[in-house]
Amino acid sequence: MNRKSLSTQEIKDISLEILKQIADLCEEQNIRYFLLGGTLLGAIRHKGFIPWDDDIDIMMPRPDYDRFLEYLYNHKLPNLTLFNRNTCKDYPYMISRMSDDRYILEFENEDSVGMGVFVDIYPMDGMGATLEEALRYGMYNDRMSSFCFQATRKHFAIETTKSKFRKAVKFPVYLLSKAIGKDFFMNQIEKHTGKYDYETSEWVGDLIWLSGGANEIFKREWLDDYIMAPFEQYEFRIPKEYDAVLKHLFGDYMKLPPEKDRIGHHYYKAYRK
């Protein structure tokens with residue numbers, strides 16, 4: 001039977017409603033969260049989604065992230081399911097995703113594991129007193145995350161890799177990762193997390209998926225306070241120092257990328273169940 005996949009706009013609409021439920025829960029439970037990454041950029045530059053993107057990223061300081069997970073291990077939100085390695089043994093990532101049960105995704109290069117349209121939820125960990133210290137600490141987990149990612153691919157693919165060196169080593173890394181398996185790398189990441197307290201660290205970042213290196217390590221003070229900002233028809237929390245965050249991430253963030261780079265990077269199709 002032929003099924004019609006959801007359009008990009010339909011995926012955006014569903015993701016937005018997931019975010020609204022998450023944000024409402026966070027306000028109710030006094031859990032800190034912020035829009036981050038491309039979602040924060042979209043809020044400032046476009047007052048909503050980046051036109052060619054369809055995903056939503058939010059961050060939570062590690063203490064709040066842990067409280068958020070604990071709440072959801074014991075409570076079910078309408079039509080939503082929490083996905084992480086604790087709730088689904090075959091789930092391929094260290095971050096958590098909140099998924100809408102009414103939909104199902106079919107990925108080009110990973111197993112479905114039953115997940116629907118989702119919102120990414122990233123924990124922010126303490127990373128030390130200096131950017132150099134934070135980068136040294138974080139790069140081990142970055143390598144482990146890369147191995148973990150390759151271990152969960154169904155077949156080898158270059159995908160978004162750009163540097164010549166990374167392209168050259170990617171296939172051997174893929175073979176090694178598949179041979180060892182994702183659980184080993186996930187366990188290594190967990191063992192290497194928690195060295196620094198979030199509240200007392202000068203620098204913080206997403207230690208379990210530090211794919212952007214130094215650009216994704218932030219001064220904690222940039223994230224200490226928030227304002228509300230419009231995102232589509234709603235308002236959500238963003239860092240009060242969003243300008244510093246976005247310059248650190250993207251440089252001249254108000255400048256649009258070349259047209260050839262205005263593409264999404266999710267390799268899946270979504271269907272209504």
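Details
- For the chain: rounded, prolate or oblate by the Cα gyration tensor [a/c cutoff 1.5]: rounded
- Here is the list for segment 50-98: trypsin sites (Lys or Arg not before Pro) lying in DSSP coil, each with at most 13 other C-beta atoms within 10 angstrom of its C-beta, are Lys76, Lys89.
- Share antiparallel - DSSP beta bridges, the chain, percent rounded to 5: 85
- Packing, taken as the mean count of other beta carbons within 10 Å per residue, orders the peptides 241-254, 153-166 from highest to lowest as 241-254, 153-166.
- Extension gain, Thr160 to Ile263, is 36.0 nm, computed as 0.36 nm per intervening residue step minus the present C-alpha separation.
- Over 28 Å between alpha carbons, listed pairs Lys219/Lys260; Lys170/Lys191; Lys89/Lys219; Lys4/Lys154: Lys219/Lys260; Lys89/Lys219
A short reminder: the numbers here are calculations on the coordinates, not readings from a lab. Keep in mind it's a predicted model, so treat the numbers as computed, not measured. Cβ: placed from backbone, ideal geometry, glycine included. Neighbour counts: every protein chain shown.
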